[in-house]
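What follows is a set of notes on a single structure, which appears directly below.
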Amino acid sequence: MAYSVSHNSFSTIPLFVGFLVVASSLAHVLSSPLMSDSGNRQMKNRTFKPAKDIQKLRRINAYLKKINKPAMKTIQSPDGDIIDCVLSHLQPAFDHPELRGQKPSDPPARPKRHNSTDANPENLQLWTGSGESCPKGTVPIRRTTEKDVLRASSVRRYGRTRRRHIRRDSTGSGHEHAVVFVNGDQYYGAKASLNVWAPHVTNEYEFSLSQIWIISGSFGNDLNTIEAGWQVSPELYGDIYPRFFTYWTTDAYRATGCYNLLCSGFVQTTNKIAIGAAISPISSYNGRLFDIDIMVWKDPKHGHWWLEFGSGLLVGYWPAFLFSHLRSHANMIQFGGEIVNTRSSGFHTSTQMGSGHFAEEGFGKAAYFRNLQTVDWDNNLLPLTNLHLLADHSDCYDIRQGRNNVWGNYFYYGGPGRNVRCP
């Protein structure tokens with residue numbers, strides 16, 4: 001749910017811990033032809049190779065035909081996105097052999113101590129601003145364009161992270177974090193309110209995100225994650241809007257999983273939210289602040305992992321069969337921010353995390369997460385205990401946590417990136 005937040009004064013408690021991180025990255029873009037608005041092909045830093053280019057365009061067109069499903073209705077968003085209203089049973093998830101011919105699962109029992117309305121959702125995304133909506137029985141899907149795919153390193157890697165080894169220490173990986181995490185127990189979900197901003201991202205090879213991670217397995221090739229939050233990613237979307245996104249993997253980002261609905265996996269059930277679409281409104285420095293509520297939890301009956309967005313709106317679910325370790329439970333929950341630092345100019349990036357301001361600036365200036373909770377084995381929502389903090393490049397992006405009766409467990413986080421202490 002988006003909230004306009006009024007000022008309350010309270011203290012924060014700084015804690016810093018250096019430990020593990022789950023990093024995910026977008027692929028570097030190959031030099032490739034770009035499309036102008038008129039559709040004319042523009043050349044960019046490459047030698048023209050007709051046979052290779054034609055073959056690549058054929059692969060792209062085949063992929064677009066597969067991923068963009070026939071629309072019952074099409075909505076033009078003010079930010080340039082095209083939203084297709086696709087019949088629910090035709091969405092990409094049902095291309096999966098395990099789902100073909102099936103119907104979406106019944107709605108799950110929500111965790112106890114959870115308040116939701118499930119009625120009259122607010123306009124949380126730009127595409128809904130005109131009053132247009134997708135009919136019942138359809139799901140809104142952001143249309144993938146040729147330009148979207150051309151920004152990726154290959155058709156196969158579009159919408160997926162770069163294959164790489166996962167490290168327990170992100171130093172040198174290009175990924176930097178400011179996060180809170182809990183581990184050492186069995187977890188069946190998590191919930192938080194995420195403050196939404198539009199951080200500056202220096203180039204199209206970098207991103208800035210804020211999200212919840214649901215994690216299980218070791219940090220080798222068997223890592224399972226479910227991720228949801230907001231991100232600014234010029235490479236994935238071609239712009240600098242903060243967008244609601246999801247991700248999943250079952251093999252440490254190597255071959256399985258994808259962002260949003262860009263592969264068969266996540267089953268969308270709502271006709272009100274488009275995953276990958278721009279969020280609106282957003283927060284402003286010393287101005288109005290806006291949150292989105294995100295909850296992910298395991299359905300006790302069927303074992304699927306469900307996603308809720310805003311004030312009780314069920315978005316859909318990750319089927320249990322997608323996972324190995326997460327088929328049972330999570331062993332770590334993580335909340336916070338992540339950026340990619342390519343050092344493209346030979347020094348630290350100026351890509352911002354959160355609001356672009358350090359945690360110490362506090363309310364109205366620094367980004368925050370509030371009301372951090374986890375779900376236990378009996379489907380109860382509980383406040384975090386024994387939480388840990390990590391800011392792996394604290395001179396560039398930092399974090400401070402606290403607790404009060406209104407926000408429960410919360411933290412401020414983020415930063416500007418390059419500065420006098422972060423060369």
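The values are calculated or read from the model by the stated rules, or taken from the named source; none is laboratory data. Computed from a predicted structure; not experimentally measured. Virtual Cβ from ideal backbone geometry, glycine too; neighbours counted across all protein chains shown. Protein only, heavy atoms only, side chains kept; ligands, DNA and RNA dropped before computing areas. Shrake-Rupley method; radii C 1.70, N 1.55, O 1.52, S 1.80 Å.
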Select from region 315-368 the residues that are in a strand (DSSP E or B) and either open to solvent by 10 Å² or more (accessible area, probe 1.4 Å) or over 24 Å from PRO108 (Cβ atoms) (or both) and list them in ascending order. ASN331, GLY336, GLY337, GLU338, ILE339, VAL340, MET353, ALA367, TYR368
Can you tell me how many residues within region 242-281 are out of contact with any helix residue (DSSP H, G or I) (no Cβ under 8 Å at 6 or more places or on another chain), of a type in the set (Val, Ile, Thr), crowded, with 24+ Cβ neighbours inside 10 Å and over 17 Å from ASP81 (Cα atoms)? 2
Restricting to region 295-312, what's the tally of residues that are open to solvent by 20 Å² or more (accessible area, probe 1.4 Å) and assigned to a strand (DSSP E or B)? 1
Contact list please: Cβ distance under 7 Å, first residue in region 397-423 and open to solvent by 10 Å² or more (accessible area, probe 1.4 Å), second residue modelled with pLDDT under 95 and among the aromatic types (Phe, Trp, Tyr), pairs at least six apart or on different chains. ASN404/PHE10
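Does region 386-396 hold any residues that are within 19 Å of LEU209 (Cα to Cα) and either buried (at least 19 other Cβ atoms within 10 Å of the Cβ) or at pLDDT below 95 (or both), and which are they?
Applying the first criterion (within 19 Å of LEU209 (Cα to Cα)) to region 386-396 yields 389-396.
Once the filter is applied, which keeps residues that are within 19 Å of LEU209 (Cα to Cα) and either buried (at least 19 other Cβ atoms within 10 Å of the Cβ) or at pLDDT below 95 (or both), region 386-396 yields LEU389, LEU390, ALA391, ASP392, HIS393, SER394, CYS396.
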With the first residue restricted to region 320-332 and required to be free of Cβ contacts under 8 Å to residues at least 40 places away in the same chain, and the second required to be of a type in the set (D, E, K, R) and crowded, with 19+ Cβ neighbours inside 10 Å, Cβ contacts under 9 Å at 6 or more apart or on different chains are ALA320/LYS298; ALA320/ASP299
Taking SER154, is it open to solvent by 10 Å² or more (accessible area, probe 1.4 Å), small (Gly, Ala, Ser) and modelled with pLDDT of 90 or more? no
